[in-house]
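The values are calculated or read from the model by the stated rules, or taken from the named source; none is laboratory data. This is a predicted model, so every value here is computed, not measured. As a convention, Cβ positions derive from the backbone with ideal geometry for all residues, glycine included, and neighbour counts pool all protein chains shown.
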Amino acid sequence: MMKKYVIIFRSSLTISNEELEEKIKNLGFQVKTYPILEIKNIRKERISTLNAQAICTSSVNGILILSRLIRDRKIKIFTMGSSSSRTAKECGFKNIIDCNADSDRMLELINKTVKGNGEIIYAGAKKISNDLPSILTSNGYNVNRYILYETVFTKFLHKEFINIVNTEQLAWIVLLSRKGARNCIRLLKKSFTDAKINSINFACLSSNIAKTLPKSIINKRYAKNPDTREIVKILSWEK
């Protein structure tokens, strides 16, 4: 019997999914990864952390780009989820505070650990879903926001993926971001009927990503914690 596919949609910049792919293969699936978002670098100049107490980040992509623009690896860095904190560790950062993908939690931890007079660097995408820089400013912090990149929708689904769906070889689609989920649905609607889309199984990295999907899609599961290891658990439970 032919093994079915788990398809991972991710941004073009994100670090390799080799560990996740291997764990999924061990469950008896074939795995393919395709880009659903293109990352366009905006900032290339180095960033000084001389007067900064801490850095706030909101994504793996932001951490990857930031790591190329600063030298200081001992500065306090706040991350949004275990995948981001692992990436920060792999990039050599030493003082990592993870906020479990919760912006309210990030604000709470900043209030507990950062003095109000010092500078906080907010480094991330051009468009952000939660305006944390403004919230921090209203709480008395001196925030210096650096726009590192922007995300752009990919325009087409890979022909190989379309064939996998049409030949009934698809087991799951894995979605790792809200914007990626929106583009995934947008592109699926160009190639497949609503009935076909509604029959697909989706595994999402968070509940917010799952909420991005249309209500008509009932076969969606999400990780309790935003960690790719939770995705593996979902796939193993549902197998």
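Considering the conditions (1) outside the structural domain of Glu168 (by TED's automatic domain parsing); (2) touching a Leu at 6+ places or on another chain (Cβ under 7 Å), Ser11 is excluded by exactly one of them, (1).
Within the option set Ser129, Ser138, Ser134, being modelled with pLDDT under 90 and within 18 Å of Met80 (Cα to Cα) holds for one residue only, Ser129. Considering segment 130-143, the residues that are polar (S, T, N, Q) and in a helix (DSSP H, G or I) include one that is nearest to the chain's Cα centre (by Cα), namely Ser134.
I'd like to check something: does segment 11-18 contain any residue that is assigned to a helix (DSSP H, G or I) and either buried (at least 16 other Cβ atoms within 10 Å of the Cβ) or free of Cβ contacts under 8 Å to residues at least 24 places away in the same chain (or both)?
Yes; the residues of segment 11-18 include at least one that is assigned to a helix (DSSP H, G or I) and either buried (at least 16 other Cβ atoms within 10 Å of the Cβ) or free of Cβ contacts under 8 Å to residues at least 24 places away in the same chain (or both).
With respect to the stated conditions, Leu37 fails to be more than 18 Å from Cys204 (Cα to Cα) and under 18 Å from the mean Cα position of the chain (by Cα). The set of residues in segment 94-126 that are more than 18 Å from Asp72 (Cβ to Cβ) and free of Cβ contacts under 8 Å to residues at least 24 places away in the same chain comprises Asp98, Cys99, Asp102, Asp104, Arg105, Glu108, Lys112.
Scan segment 66-94 for residues that are buried (at least 24 other Cβ atoms within 10 Å of the Cβ) and β-branched (Val, Ile, Thr) and the total you get is 2.
Residue by residue, here is whether (1) outside any loop (DSSP other than H, G, I, E, B); (2) surrounded by 14 or more Cβ atoms within 10 Å (Cβ to Cβ); (3) not polar (S, T, N, Q) holds:
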| position | (1), (2), (3) |
| --- | --- |
| Asn100 | no, yes, no |
| Met106 | yes, yes, yes |
| Lys112 | yes, no, yes |
| Ala123 | yes, yes, yes |
| Ile128 | no, yes, yes |
| Arg145 | yes, yes, yes |
| Tyr149 | yes, yes, yes |
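When Ile197, Ile218, Ile185 are checked against the criterion of being of a type in the set (A, V, I, L, M), surrounded by fewer than 21 Cβ atoms within 10 Å (Cβ to Cβ) and under 20 Å from Ser12 (Cα atoms), Ile185 stands alone in meeting it.
Applying the criterion of at least 3 residues that are within 28 Å of His158 (Cβ to Cβ) and at pLDDT below 95 to the strands (runs of 3 or more DSSP E) found wholly in segment 24-86 leaves 30-41.
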